[in-house]
Amino acid sequence: MPQFHFVEEPDSLVETLRAHELLAVDTEFMRERTYFAQLCLAQVGTEGDIWCVDPLSGHTQDAFWTELLGHEWVLHSARQDIEVIYQTAGEMPRAIFDTQIAAGLLGFPAQIGYAGLVKELFDVEIHKTHTRADWSKRPLRDEYLEYAAEDVEYLLPAYETLTERLEREGRLEWARSDAKWLLDPTLYDIGAEQAIDRLKGARNFRGRKRAAAARLAAWREAEAIKRNRPRQWIMRDAVLLEIAWNLPQRESELASLDGMPPKLLKRVGHELLAAVASANDDASSYQPPRPPNEGQKALLKEMQAKVAACAADLGIAAETVASKRELSAVVITGSRKSRVFSGWRAELIGAELLELL
């Protein structure tokens, strides 16, 4: 079992990390009270040691991040960890290996959790007892640190086992290329103009009402980013939709809307009215996404059938080859930029799907 260490001075770890090429990495973070996830702990593991590094201690950490980002990392279900580290350090690691992706390519469930994979590979039970811990609170309790350390303890052994099996199946490069896709910064770039896409209640709004919802959603997103507060803390969805539906022109009309907080009205009422007024300029360009027509539905089913057959031949889940969401986007937009048409997927199934398009 690796030795466990709690590190309050991140930069003190630089020379130690330099001696290792491959590192196991995990994070603990909080996002309940902020827009951007707050990194609260970074766990780094080697064959013999696990360091729980405190990024909130106030000590310098630039050298630590520079060194850590220069290594290849092993993570499990890496996307959220990469996102919070990218937001914290401003850079991506040199390379990553995602054990969840690797397991999926070997026939394990596509979204298998870390505890499930450890049980399958090593017959070891990991109990996720502190998933709701407040990781920003100091001092961290010993049982929290032990839990955090356990999250990286089996990553390197899993890497060894999975890479051996993948190499035997001729799929190791598949796993590496799929993990590399997670290092595309555009996956994590936040755009206020796309905020309307996350506002489910506006799905059936049309014309000026949808334009107003889009302008208000963009305003809220920008405000949330600027103040680093959750969107709902800036303005609740229900209030935003109420404004967009009623299209108020005066503050008295705003004040009469259901759920309108008086403090919000006083602070930014004029900005909300300006967003609504600006919806006049381009109402015709804001239309809800069109549902697929009958021809597109039939095409999607045909694509799904081909993907399912390909996945069955490989002995893996269909969504590991291409999810329904990915295929739907291809069918509706006609885009050839999907990952279905690149890398190992292009060789196995991409050409057949392109013929259908």
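Each value in this text was obtained by applying a stated rule to the coordinates, not by laboratory testing. Computed from a predicted structure; not experimentally measured. Methodologically, a virtual Cβ is constructed for each residue, glycine included, from the backbone with ideal geometry; neighbour enumeration extends over all protein chains shown.
Observations on the model:
- In order along the stretch 242-253, phi translates into HN-Hα couplings of 4, 5, 5, 6, 8, 6, x, 10, 10, 5, 5, 6 Hz, rounded to whole numbers, per the Karplus curve 6.51 cos²θ - 1.76 cosθ + 1.60 with θ = phi - 60° and x for Gly and Pro.
- In percent, rounded to a whole number, the relative contact order of the stretch 1-92 is 36, using alpha-carbon pairs under 8 Å and six or more apart.
- Between the listed residues Ile112, Trp174, Leu199, the Cα displaced farthest toward the positive end of the dipole of the stretch 109-200, a dipole computed from Cβ unit charges relative to the Cα centre, is found at Leu199.
- Mean residue ellipticity (222 nm) of the chain, computed from DSSP H runs ≥ 4 via -39,500 (n - 2.57), nearest 500: -14500 deg cm²/dmol
- Long-range amide H partners of Val7 with built H, under 5 Å: Cys52, Val53, Asp54
- Global geometry of the stretch 36-92, whether rounded, prolate or oblate, following the gyration tensor of its Cα atoms and the 1.5 cut on a/c: rounded
- Rounded to 10°, Cα long-axis angle of helix 155-169 versus longest principal axis of the chain: 90
- Residues Glu8 and Glu169, FRET efficiency given R0 of 35 Å [Cβ-Cβ distance, rounded to 0.05]: 0.20
- According to the calculation over all Cα-Cα pairs in the chain, the P(r) per 10 Å bin from zero is 5, 20, 24, 23, 19, 8, 1, 0 %.
- Antiparallel bridge percentage (DSSP; both residues within the chain; nearest 5): 50
- When the trypsin sites (Lys or Arg not before Pro) in the stretch 87-153 are filtered for DSSP coil states and for at most 14 other beta-carbon atoms within 10 Å of their beta-carbon, the remaining sites are Arg94, Lys128, Arg132, Lys137, Arg141.
- Charge tally in the Cβ shell below 15 Å around Pro292, where Lys, Arg are +1 and Asp, Glu are -1, Pro292 excluded: +3
- For the stretch 3-187, the Cα-based Rg and Dmax, in that order, read 15.8, 47 Å.
- Leu187 versus Trp233: modelled label distance in nm, points set 7 Å from Cα along the beta carbon direction: 2.7
- Across the stretch 89-104, coupling constants 3J(HN,Hα) worked out from phi with the 6.51/-1.76/1.60 Karplus curve, θ = phi - 60°, read 9, x, 9, 9, x, 4, 7, 9, 10, 9, 5, 5, 4, 4, 5, x Hz, and Gly and Pro carry x.
- Annotation: aspartates and glutamates with alpha-carbon distance below 14 angstrom to Lys324 (same-chain offsets under eight excluded): Glu302.
- Annotation: amide H-H contacts under 5 Å for Asp49 (H modelled 1.01 Å from N, sequence separation of 5 or more, or interchain): Gln3.
- Greater than 29 Å apart at Cα, pairs in Lys180/Lys297; Lys200/Lys301; Lys209/Lys263; Lys119/Lys301: Lys180/Lys297; Lys119/Lys301
- Dipole axis of the stretch 294-356 (+1 Lys, Arg; -1 Asp, Glu on Cβ), positive-most option in Ile332, Met303, Thr320: Ile332
- Distance distribution note for the stretch 193-242: the fraction of Cα pairs above 13 angstrom is 51%.
- The string of couplings for the stretch 194-201 from the Karplus curve (6.51, -1.76, 1.60, θ = phi - 60°) is 8, 4, 4, 5, 9, 9, 4, x Hz, one whole number per residue in order, with x for Gly and Pro.
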